[in-house]
Amino acid sequence: MNLYEKSAAELSRMVRAKEVSATEITKDALARIEAVDLKVDAFLTVEAEKALDRAAWVDEQVAAGKDLGPLAGVPVAVKDNICTKGTKTTCASKMLGNFIPPYNATVVDKLLAAGAVIPGKVNLDEFAMGGSCENSAFKATKNPWDLTRVPGGSSGGSAAAVAACEVPLALGSDTGGSIRCPAGLCGIVGLKPTYGAVSRFGLVAFASSLDQIGPMARTVDDAALLFRVICGQDTAHDATSKPFNFAGMGPDIRGVRVGLPKEYFGTGVSEEVKAGVLKAVDDLKALGAQVIEISLPSTRYALSAYYIISSAEASSNLARYDGVKYGYSGRRDGSLNDLYLSTRSEGFGREVKRRIMLGTYVLSSGYYDAYYKRAKMLQRAIAAEFDEAFSQCDVIATPTSPSTAFKLGEKVNDPLAMYATDICTTTANIAGLPGISVPCGFDSQGLPIGLQLLGPKWSEARLLTVAKCYETAKGGFAVKEM
Amino acid sequence: MSKLSEKYEVIVGLEIHAELCTETKIFCGCKNEFGAEVNTLCCPVCMGMPGTLPVLNRQVVDYAIKMGHALGCRINRISKMDRKNYFYPDLPKAYQISQFDIPLCEHGSLDILMNGQVKRVGITRIHIEEDAGKLIHDDAFEGSLVDYNRCGVPLIEIVSEPDLRSAEEAKVYMETITGILLYLGISDAKMQEGCVRADVNVSVRPRGQKEFGTRTEMKNVNSFGAVYRAIQYEANRQMEVLEAGGSIEQETRRWDDAKGVNIVLRTKEDAQDYRYFPEPDLLTFEVSEERVQQLKAEVPELPVAKALRYVQQFGLNQDDAQLLASSKARSAFFDASVALNKCDKKAISNWMIGDIAKILNERRIEITDTALTPEKLTDMIVLIEQGTISNTAAKTVLDEIIVHDVTPADVVKEKGLAQVSDESALAAIADQVLAANTKAVADYKGGKTNVLGFLVGQCMKASKGQGNPAKLRELLSSKIAQL
């Protein structure tokens, strides 16, 4: 097995046992990136020299007998909306094309403290708004399973880099499905943690009340490993983070009650996806789980509520890009209004502008009650329904996306069709719940299908346990020859 | 003017913004200080850089609750922050984190003293928010520069009911609020540093009419005097408009204190839509009942209550009592001096408001910046009461004890200021003065008995202030009678 195909857990073990050096792993990863990223286009920034310096430092620590953390020498790609000190953090936007943060996101500090090596930053839909990674101002990332198709979004770069074995691990962010959807479409594991489980400090905000950073990996074990490193309260920097001790995974899933909500298998979900997910549920049953039919009737309102709340927050969060302090700056020879207009007209892409306008509208005086306030009421209703459902079951199984990876360009001119790709995933963000996407086979075209498992808040250990048992039974990640 | 003010009643409400003197800013760890080099007291958080998040400084909450208690407000133990969205270069996030529908404190009142009468002013609400930065215009540059040091400095906004009925009342209200801020030690309340600023809402209505007239607002008026002048001007303008048959537009006007006029800034049609919504980066926050009570216990006796007590307890006159109570440092000094219970309380007040205040004002210092202590002042007054020194000599004593670390007794001894009450010594002085002032003596004999004071003064001068004036007066009158 090539080094680049190995799991993070294995690489870290090898580094600490001095079976391989961090430098060798990093060189191998950089070579792999160079070999396949021309086709995949996952990376926006590769910092080979910095990564090698870092790897050399890791090797010194190991040589000096210092016990590095669980990611010793492991390459981890970071989504380009997560701030890295001294390294460009663009959010795939012209607006931040030249932005170099003078600070690290808390998760990046945690990665470094655990011994990780960051080879570079990966692509996304601009400001994480999109479901295909085509809304990047710089390039469209391709799905490693079919280079004519999208990897999903918005963490498409993270998913593709992991699926193409450029890195074993990547950080993504998930506001309405942005970790789980691309994980599903690229056939890897992606965990969207409970809201507040991982510090958001340094994650460039899209929708503050919904955003959450999470791990993406080829195995459930690796996702759990990365999650354990990044989770935990960050009292100094993020008031919404909560104390959380990740208990680790259990041995089996006997007796676990799996809820099957009929609303997630309705129109819009392809027959092949339905069949794949239902087959996976049967497999869980065979492993000892109990399957229960449940109902989540407010699901049909979730997508609307999601687009109202997320756009409202985005319109405010993205107001700071005004051309005054950093990033893209438009006309400076006219009035203040000229500066604002030109900066924001030229710096943002179409989808971002669409959401800013939508969000500004729903918060406007006279419309607030009709849109934002009602969406917040729906949010409470949806959360209450989940609470009720989790009194009957332990986890909920659904498709991750309504279809497998679609063609590049297929939905770019149809925003509503693009929004609909989040139909199964936004509920977890709205209710603040954890959700995981695990590969559950392929459709007739050989494209991966994702199984989504949702759980009550702070149930990551159980979700990962169920996912792990399923993965073990099915034989794990399939490597696609590039 | 006077005719108009008989016909119309002026209605004023104030929104006072006060910077709190917490150690650090409201949402980050930057120092909260005034006067630092531009852009040295800011960080990625208060500059609103991508990915940064606010964390609420609980000291701000504590300070605001103290003010809430001082103004008799109901404290909302469960409160939240909201975003107020607007674009301006001094506002780095393009939204201000403030409070919208659930202010920390509401439904209070403040008693102010107008000519010795208590007037109650309703307090609508007090909320916490962050300050913005400052635009700097420098001729050396084209365009504007921004100083972000003030970004994230904590503010409280105190909103009054439209209960004020004149410019004078508004000025006294603002002075009283400022006094309380200083008493609580929660704000430096320095006007010249822009620590306290007021948005002034003014309307007028014909006397007897129940409904309020249309109001206008003047933003950022930043001194007591300017508040007074701005209201006078605006009320007068509105009355004249109405008299001429016009109507008042709801608008924001800018007060130009130097020119003494205001101009329209924006009309109701251009009113900004701030698109308030709950700040998702900060969760709803809660203050325990225990903490609320603890903060209540920390609120000291406040100026108005203190002044009323001084009048009642020590018989001070209203003006003196208010003057003493208005300064935390001076009233504390007075209270400590009174507590020593050595001398006449009114004498303490007279000295503090007279000679001591004069010295402090001349030198632009506070009483705590001097070497004077309650012990020294009361010792000095005791020396006067015992007849050891005259009032004139006491002034010399005060000059010394306020600067140097010496006791009044030391000064009296060292400078030989002890009052001369010895008959023969005083008689010699009296003879000398009478001989030198024959005209005055003649006047006295001619019935102008008030020249006696002049002669006593001459004797005091001749005795270098040490003669006992009472005895001198006695001696002089008996001696003239014998002439």
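The values are calculated or read from the model by the stated rules, or taken from the named source; none is laboratory data. On a predicted model such as this, the values are computed, not experimentally measured, just so you know. Cβ: placed from backbone, ideal geometry, glycine included. Neighbour counts: every protein chain shown.
When A:ARG200 is tested against (1) more than 14 Å from chain B (Cβ to nearest Cβ); (2) of a type outside the set (Gly, Ala, Ser); (3) part of a loop (DSSP other than H, G, I, E, B), only condition (1) is not met. Any idea which of B:ALA435, B:ALA462 is outside the structural domain of B:ASN391 (by TED's automatic domain parsing) and more than 18 Å from B:GLN419 (Cβ to Cβ)? Only one candidate qualifies: B:ALA435. Cβ separations smaller than 8 Å between residues 6+ apart or across chains give the following pairs from region A:363-374 residues that are at the interface with another protein chain (Cβ under 7 Å from one of its Cβ atoms) to residues that are among the acidic types (Asp, Glu) and surrounded by fewer than 16 Cβ atoms within 10 Å (Cβ to Cβ): A:SER364/B:ASP273; A:SER365/B:ASP273. One residue stands out in region A:212-235 among those that are within 14 Å of chain B (Cβ to nearest Cβ) and touching a helix residue (DSSP H, G or I) at 6+ places or on another chain (Cβ under 8 Å): the one that is surrounded by the most Cβ atoms within 10 Å (Cβ to Cβ), namely A:ILE213. Applying the set (1) of a type in the set (Lys, Arg); (2) within 14 Å of chain A (Cβ to nearest Cβ); (3) crowded, with 19+ Cβ neighbours inside 10 Å to B:ARG253 leaves exactly one unmet item: (2). Of A:THR421, A:THR404, all but one fail to be in a loop (DSSP other than H, G, I, E, B) and either in contact (Cβ under 8 Å) with a residue 60 or more places away in the chain or within 30 Å of A:VAL229 (Cβ to Cβ) (or both); the exception is A:THR404.
Restricting region B:100-144 to residues that are touching a Ser or Thr at 6+ places or on another chain (Cβ under 7 Å) and outside any strand (DSSP E or B) leaves a set whose member that is nearest to the other protein chains (Cβ to nearest Cβ) is B:ILE102. Answer yes or no as to whether A:ALA312 is within 14 Å of another protein chain (Cβ to nearest Cβ), outside any loop (DSSP other than H, G, I, E, B) and farther than 24 Å from A:ASP443 by Cα. Criteria met by A:ALA312. From the list A:LYS274, A:LYS262, the one residue that fits, being surrounded by 16 or more Cβ atoms within 10 Å (Cβ to Cβ) and either out of contact with any Lys or Arg (no Cβ under 7 Å at 6 or more places or on another chain) or on the phi < 0 side of the Ramachandran plot (or both), is A:LYS274. Within region A:101-114, the set of residues being surrounded by fewer than 24 Cβ atoms within 10 Å (Cβ to Cβ) and more than 11 Å from chain B (Cβ to nearest Cβ) comprises A:ASP109, A:LYS110, A:LEU112, A:ALA113, A:ALA114. When region B:356-365 is filtered for residues that are surrounded by fewer than 19 Cβ atoms within 10 Å (Cβ to Cβ) and closer than 22 Å to B:VAL311 by Cβ, only B:ALA357 remains.
Okay, residues lined up against (1) of a type in the set (A, V, I, L, M, F, W, C); (2) closer than 27 Å to A:SER209 by Cα:
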| position | (1), (2) |
| --- | --- |
| A:PHE244 | yes, yes |
| A:MET249 | yes, no |
| A:GLY259 | no, yes |
| A:THR267 | no, no |
| A:LYS274 | no, no |
| A:LYS285 | no, no |
| A:PRO297 | no, yes |
| A:SER310 | no, yes |
| A:LEU318 | yes, yes |
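Screening B:SER390 with (1) in the same structural domain as B:CYS343 (by TED's automatic domain parsing); (2) at pLDDT 90 or above gives one miss only, at (2). With respect to the conditions (1) over 23 Å from A:ALA217 (Cβ atoms); (2) more than 13 Å from every other protein chain (Cβ to nearest Cβ), A:LYS88 falls short on a single one, namely (2). Considering A:SER178, A:SER173, A:SER136, A:SER199, the condition of being within 23 Å of A:VAL269 (Cβ to Cβ) and either surrounded by fewer than 24 Cβ atoms within 10 Å (Cβ to Cβ) or of a type in the set (Ser, Thr, Tyr) (or both) is satisfied by A:SER178 alone. Number of residues in region B:64-78 that are under 23 Å from B:LEU53 (Cα atoms) and surrounded by fewer than 22 Cβ atoms within 10 Å (Cβ to Cβ): the value is 1. Residues in region B:118-155 that are closer than 21 Å to B:GLY29 by Cα, among the charged types (D, E, K, R) and under 25 Å from the mean Cα position of the chain (by Cα): B:GLU129, B:GLU130, B:ASP131, B:ARG150.
Pairs meeting the criteria (first residue in region A:470-482 and without any contact (Cβ under 8 Å) to a residue 24 or more places away in the chain, second residue assigned to a helix (DSSP H, G or I), beta carbons under 6 Å, at least 6 apart or on different chains) are lacking. Evaluating A:ILE356 against the criteria (1) within 12 Å of chain B (Cβ to nearest Cβ); (2) β-branched (Val, Ile, Thr); (3) touching a Lys or Arg at 6+ places or on another chain (Cβ under 6 Å) leaves one unmet condition, (3).
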